[in-house]
Amino acid sequence: MRLKFEVIPYTLHFTFTAGTSRGSFTEKETWLIKAYDPVQPELVAWGEAGPLKGLSKDYSEDFQWNLTSLINQIQNAEIPESEGDILNFISEQVPANLPSILFGLETVLLDYIHGCQFKIFDNPFYEGKKRIPINGLIWMGEESFMQEQIEKKLKDGFSTIKMKIGAIDFDREFRLLELIRQNYSAQEITLRVDANGAFDESNARERLTDLASLEIHSIEQPIKPGNWNLMAELCEEGILPIALDEELIGVHTFQEKTKLLDAIKPQYIILKPSLVGGIQSCKEWISLSEERNIGWWMTSMLESNIGLNAIAQFTAEYKNLLPQGLGTGQLYHNNFESPLEIRKGELLYNVPKGWDTSVLL
């Protein structure tokens with residue numbers, strides 16, 4: 001089949017100032033991909049390429065030009081019409097160092113072959129028959145703001161809480177976690193933390209030991225990526241289970257992925273399709289991890305509901321899921337109305353609700 005594509009830049013506006021150890025965000029740029037057949041222009045499929053400034057390797061001032069150039073190339077080619085062939089086709093057409101474009105093109109084509117109904121995978125989640133457990137994310141900020149978020153997540157029924165740490169004083173962050181643990185045991189509330197590489201060799205072990213005293217489930221990326229020797233030591237010492245996140249950025253080939261996992265031997269890895277090369281690449285990471293008894297979960301990367309929907313449906317292809325990082329759909333003033341809903345710490349697809357992308361048409 002041959003399709004026409006359009007690229008639509010879109011700016012998402014946060015409902016609050018989202019703090020991380022890399023800085024704070026009030027808005028998020030993203031690029032939506034519209035695909036259609038000129039013979040049937042009423043059938044429109046959507047994808048999203050949403051690199052994150054300051055983190056994604058493929059973010060640049062030339063991003064839209066790169067995306068448009070690749071789309072012009074693809075729309076002149078004969079596009080396959082089966083799921084597996086589409087994933088292979090896109091991996092051949094798009095360089096591995098453009099992960100968010102890979103993800104956006106994979107998902108827009110999968111949506112198209114499934115009837116342009118925001119169906120990326122035909123599974124029980126899309127049918128509204130399966131829910132995905134997710135963690136409640138606590139953003140960095142003033143202590144009172146973080147406390148307010150924690151109370152709301154607990155009130156909303158989340159049984160897994162993930163807190164970003166490393167921006168304010170560690171002792172204050174530790175006290176917030178300690179307050180949760182004083183009121184809720186590890187059997188009642190699972191606590192995860194994400195340091196975004198905020199620790200270093202001088203303090204990592206001490207802080208991991210402190211956190212372990214609170215029966216923390218795991219810590220994401222305690223030190224900056226690239227120091228495989230120290231990260232491997234921390235994983236082997238087992239003070240606290242470690243999940244690799246930013247460490248996976250830029251690791252593209254099967255051989256590179258194998259080398260990283262065998263060298264560091266983490267307890268978990270975190271997969272962001274827009275960051276690590278899309279669906280095909282994530283499938284490879286999952287296969288390699290499961291062969292080594294390494295746990296994993298999926299996390300969105302501040303996409304709109306269009307990208308989040310694709311990640312959720314992909315995640316639902318797998319069984320026995322740990323709580324996933326897919327609770328970002330409520331972050332924005334101007335997100336697209338969708339069937340995605342969160343109820344008592346689970347993400348679901350409320351089929352009757354429908355989608356509203358009228359702002360883009």
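Numbers at a glance
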quantity: Average Cα contact separation per residue, region 1-127, under 8 Å, 6 or more apart, as relative contact order %; calculated: 27
quantity: Using distinct alpha-carbon pairs, which all enter the 1/r mean, Kirkwood radius of region 4-113 in Å; calculated: 14.8
quantity: Of SER159, SER60, SER218, the one that fluctuates the most in a GNM where the chain has Cα springs shorter than 10 Å; calculated: SER60
quantity: Cβ-defined net charge surrounding GLY226, 15 Å radius [Lys, Arg +1; Asp, Glu -1]; calculated: -4
quantity: Loop-located trypsin sites (Lys or Arg not before Pro) in region 124-177 whose Cβ has at most 14 other Cβ within 10 Å (DSSP); calculated: LYS129
quantity: Test item: Cα-centred dipole of the chain, Lys/Arg +1 and Asp/Glu -1 on Cβ, debye; calculated: 580
quantity: Charge context of MET163, other residues only, Cβ under 15 angstrom, K/R +1, D/E -1; calculated: -4
quantity: Charge dipole (the chain, unit charges on Cβ, about Cα centre) - positive-most of SER287, LEU55, VAL44; calculated: VAL44
quantity: Residues LYS4 and GLU178, FRET efficiency given R0 of 56 Å [Cβ-Cβ distance, rounded to 0.05]; calculated: 0.50
quantity: Share antiparallel - DSSP beta bridges, region 171-295, percent rounded to 5; calculated: 10
quantity: Amide H contacts of ILE165 (H built 1.01 Å from N, under 5 Å, at least 5 apart or other chain); calculated: ASP194, ALA195
quantity: Loop-located GluC sites (Glu not before Pro) in region 281-339 whose Cβ has at most 16 other Cβ within 10 Å (DSSP); calculated: GLU317
quantity: Inter-site label distance for GLU148 and GLU337 at 7 Å from Cα along Cβ, in nm; calculated: 2.7
quantity: Cα shape, region 132-360, gyration tensor, a/c 1.5 rule; calculated: oblate
quantity: Relative contact order computed over the chain (Cα-Cα under 8 Å; 6+ residues apart), in percent; calculated: 20
quantity: Set of lysines with alpha-carbon distance to LYS152 below 21 Å, sequence-local pairs under 8 removed; calculated: LYS162, LYS164, LYS344
quantity: Sum of -39500 (n - 2.57) over DSSP H runs of 4+, divided by residues of the chain (222 nm, nearest 500); calculated: -10500 deg cm²/dmol
quantity: Among ASN309, ASN320, ASN123: highest mean-square fluctuation, GNM of the chain, C-alpha pairs under 10 Å; calculated: ASN320
quantity: Local net charge near HIS114, Cβ-Cβ under 10 Å (Lys/Arg +1, Asp/Glu -1); calculated: -2
quantity: Residue of GLN147, GLN40, GLN93 that the Gaussian network model of the chain assigns the largest fluctuation, springs spanning Cα pairs under 10 Å; calculated: GLN40
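Values quoted throughout were computed directly from the atomic coordinates according to the rules given, and no laboratory measurement underlies them. All figures in this text were calculated on a predicted structure; none of them were measured in a lab. Counting neighbours? That spans all protein chains shown, and the Cβs are built from the backbone with ideal geometry, glycine included.
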